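This report refers to the structure that appears directly beneath it.
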Amino acid sequence: MKILFYDAKSYDQDSFSSALAQFPEIKIEYIKSDLDPRTAALAKGFDAVCAFVNSDAGDRTLSILAEAGIRLLLLRCAGYNNVDLSSAKKHDICVMRVPSYSPEAVAEHAMALALACNRRIYKAYNKVRENDFSLSGLMGFNFYEKTAGIIGTGKIGAAMCRICRGFGMKVIAYDVYPNEALNEFVEYVSLEQLLSDSDVISLHCPLTDSTYHMINIETIRKMKDGVILVNTSRGALVRTEDLIEGIRLRKFAGVGLDVYEEETDNVFEDRSDEILEHSTTARLLSFPNVMITSHQGFFTREALSAIASVTLQNAMDLQSGHTGGSNVVC
Ligand code: NAI
């Protein structure tokens, strides 16, 4: 099987090349360009394409892929909100993903963001490097005995619940499908109650029509003053303009974002001053209590290795007709 691998970074090539030793039937060609309507035709002559979170797998791309003979789209990630599923079905393209590779990788990063915001680690780091050993502006609060509100308690949210529990926090959660495995130490509450009772709120639900902009000025107003908000899930769960308004209202002790609405626009890859000036992400970065990382929650050795082997196993499973299970999106 020949796979065209879009948006290949050196670390992808390292992890997939190692995993390929177990899959001698598979050949991969890596290209730097991401998948979109302009690059989809390059897939002619391949059996499958491999794409990532920000690839454009909309109707135009999929119809060009279908014309090029592609019947398998391998997502090397969990989320699939960037894929037009009805178009994939229409074009008879099977979409497979890696539903779980290392939930702890993302949950640990969410906690890292929460702690870094709370204790102003980024500010402390810069101050000390500049020979300023004063503590001004660095005051935080104990997480111990405070309330963590986890929205979405699937694999990553559950890992985050366990981490918060380990910190001695009270853990409350909101999910449309509560996770019974967490009943021993997690109290499920309404979204309203979670917003009003939590000292730290962490988002772990997928981006869907019902979760799009779930954090907006109305929901922000319901939060406690001095709350810490963390989003490692998808940028569009938060309405950025409203988040900026909430920050201006001094609602937040800190905001930690690993994902942001403009990610797909490659705002920071195209670093023209005009784009930066008008980007809401750049406006967010101008606030001293906001910390943004560049979608790196998944970025651990363990996670990359698991992503590579599950993605390649997905390809083999489809070829041998095993197309059931949660790895198949459609
Ligand atoms: P999952 O599918 O195991 O869990 C998602 C949970 O959200 C489920 O329990 C589901 O019932 C719940 N949910 C769905 N709609 C909801 C709603 N309207 N309100 C409240 N809860 C709702 O997914 P997993 O693996 O935990 O991943 C969560 C998200 O994390 C992914 O969708 C993806 O967007 C993001 N992610 C981010 C990464 C990063 O590097 N920053 C890496 C991997 C995933």
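The values are calculated or read from the model by the stated rules, or taken from the named source; none is laboratory data. Since this is a predicted model, take the numbers as computed values, not measurements. Note that each Cβ is placed from the backbone with ideal geometry, even for glycine, and that neighbours are counted across all protein chains shown.
Contact annotation: residue pairs with Cβ atoms under 9 Å, 6 or more positions apart or on different chains, pairing a residue in the stretch 294-308 that is on the phi > 0 side of the Ramachandran plot with a partner that is in a helix (DSSP H, G or I), are HIS295/GLY235; HIS295/GLU263. Scanning the stretch 21-49 for residues that are buried (at least 17 other Cβ atoms within 10 Å of the Cβ) and not acidic (Asp, Glu) returns PHE23, ILE26, ILE28, TYR30, LEU35, THR39, ALA40, LEU42, ALA43, PHE46, ALA48, VAL49.
Scanning the stretch 124-163 for residues that are over 24 Å from LYS224 (Cα atoms) and of a type in the set (Lys, Arg) yields a count of 3.
Among residues of the stretch 87-103 that are closer than 29 Å to GLN296 by Cβ and more than 16 Å from the ligand (Cβ to nearest atom), those with a Cβ under 6 angstrom from a residue that is at pLDDT below 95 and not in a helix (DSSP H, G or I), sequence gap 6+ or separate chain, pair up as ALA88/CYS330. Close contacts from the stretch 70-83, counting a first residue that is in contact (Cβ under 8 Å) with a residue 12 or more places away in the chain and farther than 21 Å from GLY152 by Cβ and a second that is part of a loop (DSSP other than H, G, I, E, B) and within 11 Å of the ligand (Cβ to nearest atom), with Cβ to Cβ under 6 Å and a gap of 6+ residues or different chains, come to ARG76/PHE52. Only one of the numbered conditions (1) without any contact (Cβ under 8 Å) to a residue 40 or more places away in the chain; (2) away from the ligand (no atom under 12 Å from the Cβ); (3) part of a loop (DSSP other than H, G, I, E, B) is not met by PHE141, and that is (1).
Could you tell me whether any residue of the stretch 265-280 is modelled with pLDDT of 95 or more, surrounded by fewer than 18 Cβ atoms within 10 Å (Cβ to Cβ) and away from the ligand (no atom under 12 Å from the Cβ)? Within the stretch 265-280 (the criterion being modelled with pLDDT of 95 or more, surrounded by fewer than 18 Cβ atoms within 10 Å (Cβ to Cβ) and away from the ligand (no atom under 12 Å from the Cβ)), the answer is no, since none of the residues qualifies. Test PHE52 against the criterion of being surrounded by 14 or more Cβ atoms within 10 Å (Cβ to Cβ), touching a Lys or Arg at 6+ places or on another chain (Cβ under 8 Å) and of a type outside the set (A, V, I, L, M), and give yes or no. So PHE52 passes the test. Among the residues in the stretch 162-175, are any within 16 Å of the ligand (Cβ to nearest atom), farther than 30 Å from LEU318 by Cβ and part of a loop (DSSP other than H, G, I, E, B)? Within the stretch 162-175, one or more residues are within 16 Å of the ligand (Cβ to nearest atom), farther than 30 Å from LEU318 by Cβ and part of a loop (DSSP other than H, G, I, E, B). Residues that are more than 24 Å from PRO99 (Cα to Cα) and either touching a helix residue (DSSP H, G or I) at 6+ places or on another chain (Cβ under 6 Å) or within 16 Å of the ligand (Cβ to nearest atom) (or both) within the stretch 212-226 comprise ILE215, ASN216, ILE217, GLU218, THR219, ILE220, LYS222, MET223, listed in sequence order. Is it the case that the stretch 199-211 has a residue that's free of Cβ contacts under 8 Å to residues at least 60 places away in the same chain, within 15 Å of the ligand (Cβ to nearest atom) and assigned to a helix (DSSP H, G or I)? No, every residue in the stretch 199-211 fails to be free of Cβ contacts under 8 Å to residues at least 60 places away in the same chain, within 15 Å of the ligand (Cβ to nearest atom) and assigned to a helix (DSSP H, G or I).
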